[in-house]
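Only one structure is covered here, and it is reproduced in the block below.
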Amino acid sequence: MIKKTALTFTLALCSAFAAMANDFQNAVNNFVNQDFLKNASVGICVMDVNTGEVVAANTEDLAVITASTMKTVTSASALEL
């Protein structure tokens, strides 16, 4: 009886983790498909910090310059003028 309960719990837990990973991917897909991002370059990668497994991603290999980096470049350029 205990083994059957443990197996049921394990299967339920695995199912919950799979659903959660699917929820992450759905959330990423919904975000990048927003109208205000249609002309934007967006790269997202959500990873499990314990395993390093990619949980959700969208153009995760896209090389983009982050906004904060560009603010630093712009500010440095402005100070040089």
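Some values worked out for this structure:
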{"read-out": "Sequence-distant residues sharing a close amide H with residue 56 (under 5 Å, placed H)", "value": "46"}
{"read-out": "Extension reserve of the residue 70-residue 30 stretch, reckoned as 0.36 nm per residue once the Cα distance is removed", "value": "11.8 nm"}
{"read-out": "Of all accessible heavy-atom area on the range 18-65, the percent that carbon and sulfur account for (1.4 Å)", "value": "51 percent"}
{"read-out": "Nearest-0.05 FRET efficiency for residue 78 and residue 40, computed from C-beta distance (R0 41 Å)", "value": "0.95"}
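The values are calculated or read from the model by the stated rules, or taken from the named source; none is laboratory data. All values derive from a computational prediction rather than experimental measurement. With ideal geometry, Cβ positions are generated from the backbone for all residues, glycine too; neighbour counts draw on all protein chains shown. Areas reflect the complete protein model, heavy atoms only, side chains present, ligands, DNA and RNA absent. Shrake-Rupley method; radii C 1.70, N 1.55, O 1.52, S 1.80 Å.
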